[in-house]
Amino acid sequence: MEVETREIQVLPQQARFLRSTARFLLYSGSFAAGKSRAICLKVVQRASQSPNAREGLCRKTFNSLRRSTLKTLLETDGCLPAVLPENSFTYNKAEGEIKIKGGGSILLFGCDDPLKLGSLNLTGCAVDEMVELTKDDFVMLQGRIRMQVEGLPNQLYGACNPSSPSHW
C-alpha cells in the first residue's frame, strides 16, 4: 500500500520550529498562531524519520490531549487537513500508540500521573500547552528523552500560550 505524500504550507515561525535541532524547544504565541499544528507536524516529522523512532505526544492530562491536540493530528480542521494523512498510520487506542507506516511510533499520554512515565524510553517528546506542566513534570519528561537513534537528535519540544514571567 502506498502512503500519501503532500506538500504542507507552514508559517515562517513554524518552519523555524520544524527545522530546529535544539535539545529544548518552545513555540509560544497567542491563539490561532498554529502552535498545536506545529508540534503535531514536528512529532510526525520526527517519528517518520526512522522505524526505531519513538516520540511522545502529551499534555498535562490525557483527556485534554484527546480533546484538542489529537484532533489536530488526526482530523480535518476547517479547511486544514489532518496532520497525519489517511492510510499513513495505524492507531491502537487501547495502547495509546500511533505507528507510522515506514517509520516509528508516537506514544500518547498525559503527565498527570508521573509514575506511569517512569519507564518510558523516547527519542523525543512534544508537549502541548507546556505551561500546564509543573517543573517536576518537565524534569520527569526530560529524563525519558534518552533513546538514541542515528540521525535523530533527542528533543523535548512544546508549545504554549504566553504565561506569567514568573512561570518556571
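The values are calculated or read from the model by the stated rules, or taken from the named source; none is laboratory data. Just so you know, these numbers come straight off a predicted model, no measurement behind them. With ideal geometry, Cβ positions are generated from the backbone for all residues, glycine too; neighbour counts draw on all protein chains shown. Quick note on the areas: whole protein, heavy atoms, side chains included, nothing else; ligands and nucleic acids left out. Shrake-Rupley method; radii C 1.70, N 1.55, O 1.52, S 1.80 Å.
In the set Ser30, Ser50, which member is small (Gly, Ala, Ser) and either in contact with a strand residue (DSSP E or B) (Cβ under 9 Å, 6 or more places away or on another chain) or under 15 Å from Val127 (Cβ atoms) (or both)?
Step by step, each of Ser30, Ser50 is checked, and only Ser50 is small (Gly, Ala, Ser) and either in contact with a strand residue (DSSP E or B) (Cβ under 9 Å, 6 or more places away or on another chain) or under 15 Å from Val127 (Cβ atoms) (or both).
Under 8 Å between Cβ atoms, at least 6 apart or on separate chains: pull out the pairs that start in the range 132-148 with a residue that is touching a residue at least 12 places away in the same chain (Cβ under 8 Å) and among the β-branched types (Val, Ile, Thr) and end on any residue that is open to solvent by less than 70 Å² (accessible area, probe 1.4 Å) and part of a loop (DSSP other than H, G, I, E, B).
Between residues of the range 132-148 that are touching a residue at least 12 places away in the same chain (Cβ under 8 Å) and among the β-branched types (Val, Ile, Thr) and residues that are open to solvent by less than 70 Å² (accessible area, probe 1.4 Å) and part of a loop (DSSP other than H, G, I, E, B), the close pairs are Ile145/Thr123; Ile145/Asn154.
Could you tell me whether any residue of the range 99-114 is in a helix (DSSP H, G or I) and farther than 16 Å from Ala38 by Cβ?
Yes, because at least one residue in the range 99-114 is in a helix (DSSP H, G or I) and farther than 16 Å from Ala38 by Cβ.
Identify, please: which residue in the range 105-124 is under 17 Å from the mean Cα position of the chain (by Cα) and within 11 Å of Met140 (Cα to Cα) and is, among those, surrounded by the most Cβ atoms within 10 Å (Cβ to Cβ)?
Cys111
Which residue pairs have Cβ atoms closer than 8 Å, lie 6 or more positions apart in sequence or on different chains, and pair a first residue in the range 13-40 that is farther than 19 Å from Val131 by Cα and among the β-branched types (Val, Ile, Thr) with a second residue that is open to solvent by less than 30 Å² (accessible area, probe 1.4 Å) and modelled with pLDDT of 95 or more?
Filtered contacts from the range 13-40: Thr21/Gln155.
How many residues are part of a loop (DSSP other than H, G, I, E, B) and farther than 11 Å from Glu55 by Cα if we restrict to the range 115-134?
Residues meeting the conditions: 6.
So, in the range 1-29, of the ones that are assigned to a loop (DSSP other than H, G, I, E, B), over 15 Å from the mean Cα position of the chain (by Cα) and not aliphatic (A, V, I, L, M), which residue ends up modelled with the lowest pLDDT?
Ranking the qualifying residues of the range 1-29, first place goes to Glu2.
From the set of residues in the range 30-73 that are of a type in the set (Lys, Arg), surrounded by fewer than 22 Cβ atoms within 10 Å (Cβ to Cβ) and assigned to a helix (DSSP H, G or I), which is nearest to the chain's Cα centre (by Cα)?
Arg37
If you check Gln49 against the conditions, is it out of contact with any helix residue (DSSP H, G or I) (no Cβ under 9 Å at 6 or more places or on another chain) and either without any contact (Cβ under 8 Å) to a residue 12 or more places away in the chain or more than 24 Å from Glu132 (Cα to Cα) (or both)?
So Gln49 passes the test.
Just checking, does the range 135-145 include any residue being assigned to a strand (DSSP E or B), open to solvent by 60 Å² or more (accessible area, probe 1.4 Å) and of a type in the set (D, E, K, R)?
No: zero hits.
Go through the range 68-102 residue by residue and tally those that are touching a helix residue (DSSP H, G or I) at 6+ places or on another chain (Cβ under 6 Å) and under 18 Å from Glu7 (Cα atoms).
Adding up the residues that qualify gives 6.
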